[in-house]
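A short write-up of the structure that comes next.
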Amino acid sequence: MKHRLKAALGTALLGVSLAGCGLDVNAALPFKVEPGSIQAVPELEGVDITVGSKDFTEQILLGYLAELALSAAGADVTDLTDIKGSSSSRQALLSGEVDVMWEYTGTGWINYLGNELPVPGGEQAQYEATRKADLEQNGVVWLDYSPLNNQYGLATTEEYAAKHDLETMSDLAAFLKENPAEAVYCLETEFISRQDGFPAAENAYGFPVTEVKQFGIGAIYAAVDGGTCPIGEVFTTDGRIAGLGLKVLKDDKLAFPQYNAAITVRKEFLDAHPQIADVLQPVSDALDNETLIELNKQVDVEGREPGEVARDWMVEQGFITTPET
């Protein structure tokens, strides 16, 4: 549903510099929603709010969850999900093309704020450091972070892990040093260059690299499952991990930062419409890894449309109703 309505948007955003021009495409939600536990908010009635997201399944789902909540509260929502790449989506937020977007604390800290190492001390410490710095440097407010923590990971098939006794990334590093011909990785282009991506794992574990095969993130899961590469990059909440029977190796040296999801909003926009935080925070609080694994699985394994998956979950949780319920 969403992809049919927005097919032109994905094409329009390829190669577009959001800093230099506005985006022409406006798309409304493809179905009507009504208040549930999220009540109508008079101050948001008719307020134009554009919700953006990056171009992978979880982000599109999260974008829809925010759109559904804000629509139930009475806002006029524009769907600008599926922006290609982290840099483009971030620039859309900073430039005002997008008003609300989910972001991950580790991405904010490393990629947007230019730090090389994660903040020690766990989720809260990573969030607080990111929240403080992004507000001071860029005027971006991070609402309270969600239990959802979608970290990078490296995965093999269950059979491969069992055959070579692999439980952790340290196990993998030791095995590959003894068997360098097996050091073939399926990785996505951004992960190869991001300081919080494969370079972080290489630095922490000393992985040998015989070959890197570049894939879009969606193709990596099938490539690992099919034996194209023994090792592949994954997002740890991706439903295809369970669907294909892959094994995520434990990041025992904590090479990857924490990636708790949180709503980000420009300060001036949130100051003008502070009710946004009250509408979206209950949804954020209800999300965890198990929930997103299931929602992602419905899209990527079962083939459902992300908008429908997000709507059904919001109805099940009682956040919204639809004319049919």
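The values are calculated or read from the model by the stated rules, or taken from the named source; none is laboratory data. Just so it is clear, the structure is predicted and the values come from calculations on it, not from any experiment. All Cβ positions, glycine included, derive from the backbone under ideal geometry; neighbour counts span all protein chains shown. These accessible areas exclude ligands, DNA and RNA; they are computed on the full protein's heavy atoms, side chains included. Shrake-Rupley method; radii C 1.70, N 1.55, O 1.52, S 1.80 Å.
In summary, T130 fulfils each of the numbered conditions (1) open to solvent by 30 Å² or more (accessible area, probe 1.4 Å); (2) closer than 22 Å to E190 by Cα with the single exception of condition (1).
For region 213-272, the set of residues classified as within 20 Å of I192 (Cβ to Cβ), small (G, A, S) and in contact (Cβ under 8 Å) with a residue 60 or more places away in the chain consists of G218, G232, A255, listed by residue number.
Kindly check whether there is at least one residue in region 140-163 that is on the phi > 0 side of the Ramachandran plot and either over 26 Å from the mean Cα position of the chain (by Cα) or surrounded by fewer than 21 Cβ atoms within 10 Å (Cβ to Cβ) (or both). Steps first, please.
Within region 140-163, the first condition is being on the phi > 0 side of the Ramachandran plot, and the residues that meet it are none.
No, region 140-163 contains no residue that is on the phi > 0 side of the Ramachandran plot and either over 26 Å from the mean Cα position of the chain (by Cα) or surrounded by fewer than 21 Cβ atoms within 10 Å (Cβ to Cβ) (or both).
Select the strands (runs of 3 or more DSSP E) contained entirely in region 163-235, then report the ones holding at least 1 residues which are farther than 24 Å from T107 by Cβ. Spell out how you get there, then give the answer.
On the way: elements: 184-187, 211-214, 231-235.
In region 163-235, 184-187, 211-214 are the strands (runs of 3 or more DSSP E) which contain 1 or more residues that are farther than 24 Å from T107 by Cβ.
Surrounded by 16 or more Cβ atoms within 10 Å (Cβ to Cβ), out of contact with any helix residue (DSSP H, G or I) (no Cβ under 9 Å at 6 or more places or on another chain) and not acidic (D, E), is that true of Q298?
no
With respect to T264, is the statement that it is surrounded by 15 or more Cβ atoms within 10 Å (Cβ to Cβ), polar (S, T, N, Q) and in a strand (DSSP E or B) true? Before the answer, list the steps.
Working: surrounded by 15 or more Cβ atoms within 10 Å (Cβ to Cβ): yes; polar (S, T, N, Q): yes; in a strand (DSSP E or B): yes.
In short, yes.
For region 119-131, indicate whether the set of residues that are at pLDDT below 95, out of contact with any Pro (no Cβ under 8 Å at 6 or more places or on another chain) and among the charged types (D, E, K, R) is non-empty. Checked against the condition, which is being at pLDDT below 95, out of contact with any Pro (no Cβ under 8 Å at 6 or more places or on another chain) and among the charged types (D, E, K, R), region 119-131 yields at least one hit.
Residues of region 164-211 that are within 15 Å of D251 (Cα to Cα), surrounded by fewer than 19 Cβ atoms within 10 Å (Cβ to Cβ) and touching a residue at least 40 places away in the same chain (Cβ under 8 Å): E167, T168, S170, D171, N203, A204.
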